[in-house]
Amino acid sequence: LATMGLPALALLLAAGLLHTQASPSARSFQLDYEHNCFRKDGVPFRYISGSIHYARVPRPAWRDRLLKMYMSGLSTVQVYVPWNYHETQPGVYDFTGNRDVEAFLDLTAELGLLVILRPGPYICAEWEMGGLPAWLLWKPDIILRTSNPAFLAAVDSWLHILLPKIKPRLYQQGGNIISVQVENEYGSYYACDYGYLRHLLGSFRALLGSEVLLFTTDSTGAEELRCGTLQGLYATVDFGPGSNVTEAFGAQRRVEPKGPLVNSEYYTGWLDYWGEAHASTSAAWVARGLEDMLQLGASINMQVVSWQRALPPGEYMFHGGTNFAYWSGADYKDQYKPVTTSYDYDAPLSEAGDPTEKLFAIRTVIGKFQPLPVGPMPPATPKYAYGRVALRKVSAYPKGCTAPAWHYSTGQHSSLSLQYADLLDVLDVLCPSGPIQSQFPLTFEALKQAYGFMVYHTQLPWDVPDPATLGAPPHSICDRGYVMLQKEYQGTLERDGQTTLQVTGRAGETLDILLENMGRISFGANTSDFKGLLGNLSLNSRPLSNWLMYPLAIDTAVQQGWPQAALPKSSSGGRVGPAFYTGIFETPGIAWDTFIKFPGWSKGLLWINGFNLGRYWTRRGPQQTLFVPGSVLHVGHPNSITVLELEEAPPTPLLLFLDQPLYNRTLGCSTMATE
């Protein structure tokens, strides 16, 4: 043993001790293979859990959401840890503010909830690149989720930072984490690399110890369970209310003949993609499936995605929250399918944290099998329709001047200062380090641009008096390219969509393409989802060359006070094409949650007080509003609004503050439910 080394010894412990029925210590959480159950402190135990992602919920709302989950009858919450949310650059870590996972875990313990932790390193979760950092792709030959040495080195470095924060919070150490998942739905990945799973098992054992229960989760297909399971990791399955419960658990029994039945992801809703209808699921249907499993004595974790066999299984929550900023991921099924900003997904707790009819149906079922907490369900958070902001199309106002005032729908009055700037006019602000020159286009990853936008700039090499085809090779626009000729918007090129435009012009005229990353693929084989121009553009099949690339740091500029702090140097003055609109408004003495509607706008992003609330895409839908947590608003002094519209603003740009969300241009349900 002395010559084996720590990882090898950890693997030996995992293989030999996990299946041994040990005497329970004062605090223990174990598998009982004889009685097919969990044992908590030596007593048979069955958990009923729901998923929540702290990364999709502002920190001031954590307590409210967790308390509502507890009052729903849940004993446990399931929590992902997105690697890319914390290691933003190689070796640069952020565990502060909304990213303080230790504070979140401590709050779950304070409220009496147990935790099932899912630290990846891959999590799916419809999160940007499945939680893997984009900077992994800086090495173009890296093979993700395999024994590739470059990938394993990055994983090991991350786990040595994260898991020591987790160990003191394990149940056996006096904490509330009862089990830890290794990887996620690995059987659905093409690699089927057992060496990779064994490496992870050894690392988790070495860093967390031999007592913690480690497990895997996969769908019920035979191939998925073959490639996603490993001796020493307890195998669980996931399925939804449309499945035959007996058959689904039969799949688990084929790989785990004994032990507790566990559905690690019971899907109770479904996600929205841009351009598709808003999904919803019957509360009665979900409740029936839940009751069937509880009658079998199974342990369950509820997530909000309905089972549709034509679609990949996903990682969705009892409370979904919001894909703020650039964190939404994408699926790929015949075509690229980016996920909406809202992560509501018809969940038991709505995007704004409100109890729904589905929550109370689930709570009623749970009450048939175990006592419910005493006391009322906390109410929905208060909402306020602050009214409208009129952002009229203007050039910059002279310093010291203010635009005409606007009015709340409630009759209140506030001064609104207006500014406007075309994006191409402020590249010096958005890319202070200047452009990078290359004969041919370079990707986001080649220039170490993780998220957001990049401008590709060149000139027409010859006169084009008659319409010529500006085109891109197949699959080379990742993901949307907004084309400007002489700063005049020409149209949009799109991944798996339109890839050509007709243009005319003279030699030497400027050609700019603003490339938008809509989120890297989070599920399936193609998680190496490079962004930007992956191939060269051509004009009538003749390649263009001599490119300047501007990686844009828009969020940094907005957080530092731009554009309120300084007016743009110039403005083209149009309302078509990528441009910024900004304003200032005041609340009437309260800072409640609200929803912003974009009447007549096309597609873009919104910041309030420097906080990136995510993408809107009213032309495509189904989401028509953005959720604004009250915690980002100021009371007693002005709130700044910045809008980046990418295609076309309305003739009279307005933002409307509502007290409920909109989907498919009809009112959605922000249910203020009571029992």
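The values are calculated or read from the model by the stated rules, or taken from the named source; none is laboratory data. Quick caveat, the model's predicted, so the values are computed rather than measured. Counting neighbours? That spans all protein chains shown, and the Cβs are built from the backbone with ideal geometry, glycine included. Only protein heavy atoms, including side chains, enter the accessible area calculation; ligands, DNA and RNA are left aside. Shrake-Rupley method; radii C 1.70, N 1.55, O 1.52, S 1.80 Å.
Is it fair to say V77 is of a type in the set (V, I, T), touching a helix residue (DSSP H, G or I) at 6+ places or on another chain (Cβ under 7 Å) and at pLDDT 95 or above?
On the way: of a type in the set (V, I, T): yes; touching a helix residue (DSSP H, G or I) at 6+ places or on another chain (Cβ under 7 Å): yes; at pLDDT 95 or above: yes.
For V77, the condition - of a type in the set (V, I, T), touching a helix residue (DSSP H, G or I) at 6+ places or on another chain (Cβ under 7 Å) and at pLDDT 95 or above - is met.
Quick check on this structure: which one of R198, R145 is among the charged types (D, E, K, R) and part of a helix (DSSP H, G or I)? If you could, list the steps in order and put the result at the bottom.
Working: R145 fails: part of a helix (DSSP H, G or I).
One residue alone meets the criteria, R198.
Of all helices (runs of 4 or more DSSP H) completely enclosed by the stretch 41-140, which ones contain at least 2 residues that are open to solvent by 30 Å² or more (accessible area, probe 1.4 Å) and of a type in the set (D, E)?
On the way: elements: 62-71, 83-86, 101-110.
Helices (runs of 4 or more DSSP H) meeting the threshold: 101-110.
Please determine, by comparing only the residues of the stretch 609-658 that are of a type in the set (S, T, Y) and buried (at least 17 other Cβ atoms within 10 Å of the Cβ), which one is farthest from S342 (Cα to Cα).
Taking the stretch 609-658 first, the residues of a type in the set (S, T, Y) are 616, 618, 625, 631, 640, 642, 652.
Next, from what is left, pick out any that are buried (at least 17 other Cβ atoms within 10 Å of the Cβ): 616, 618, 625, 640, 642.
On the way: Y616: 10, T618: 13, T625: 9, S640: 22, T642: 19 Å.
Only one residue fits best here, namely S640.
Please go through the stretch 447-477 and give me each residue that is of a type in the set (A, V, I, L, M, F, W, C), touching a residue at least 60 places away in the same chain (Cβ under 8 Å) and under 30 Å from D141 (Cα atoms), ordered by number.
Result: L447, A450, F453, M454, V455, A472.
Which residues, taken from the stretch 639-668, are among the aromatic types (F, W, Y) and modelled with pLDDT under 85? I'd like the intermediate steps shown before the answer.
Within the stretch 639-668, the subset among the aromatic types (F, W, Y) is 657, 663.
Once the filter is applied, which keeps residues that are among the aromatic types (F, W, Y) and modelled with pLDDT under 85, the stretch 639-668 yields only Y663.
Within the stretch 132-141, how many residues turn out to be modelled with pLDDT of 95 or more and either among the basic types (K, R) or more than 19 Å from G329 (Cβ to Cβ) (or both)? Give the derivation first.
Looking only at the stretch 132-141, we keep the residues that are modelled with pLDDT of 95 or more, and these are 132-138.
Among the residues that remain, those that are also either among the basic types (K, R) or more than 19 Å from G329 (Cβ to Cβ) (or both) are: 138.
Count: 1.
Select from the stretch 43-76 the residues that are touching a residue at least 40 places away in the same chain (Cβ under 8 Å) and of a type in the set (V, I, T) and list them in ascending order.
Across the stretch 43-76, the qualifying residues are I48, I52, V57, T76.
So for the stretch 331-348 (the condition being small (G, A, S) and surrounded by 24 or more Cβ atoms within 10 Å (Cβ to Cβ)), does at least one residue qualify?
yes
Are there any strands (runs of 3 or more DSSP E) wholly within the stretch 447-552 with 2 or more residues that are buried (at least 22 other Cβ atoms within 10 Å of the Cβ), and if so which?
Numbers: elements: 453-459, 464-471, 480-485, 488-494, 500-505, 510-516, 547-551.
By residue number, 453-459, 480-485, 488-494, 510-516, 547-551.
Checking the structure you have, find out if any residue of the stretch 174-182 is open to solvent by 30 Å² or more (accessible area, probe 1.4 Å) and more than 29 Å from F95 (Cβ to Cβ). Let's see the steps before the verdict.
Pass one, the stretch 174-182, residues open to solvent by 30 Å² or more (accessible area, probe 1.4 Å): 174.
Now narrow it down to the ones that are more than 29 Å from F95 (Cβ to Cβ): none.
So far as the stretch 174-182 goes, no, none of its residues is open to solvent by 30 Å² or more (accessible area, probe 1.4 Å) and more than 29 Å from F95 (Cβ to Cβ).
I'd like to know if the stretch 440-448 contains one or more residues that are farther than 30 Å from P90 by Cα and modelled with pLDDT of 95 or more. Quick ask: steps written out before the conclusion?
First, pick out the residues of the stretch 440-448 that are farther than 30 Å from P90 by Cα: none.
No, the conditions are met nowhere in the stretch 440-448.
Is one or more of the residues making up the stretch 335-355 over 17 Å from L271 (Cα atoms), at pLDDT below 95 and not assigned by the TED database to the domain that holds P588?
First, the residues of the stretch 335-355 that are over 17 Å from L271 (Cα atoms): 354-355.
Those still in the list that are at pLDDT below 95 too: none.
No, the stretch 335-355 contains no residue that is over 17 Å from L271 (Cα atoms), at pLDDT below 95 and not assigned by the TED database to the domain that holds P588.
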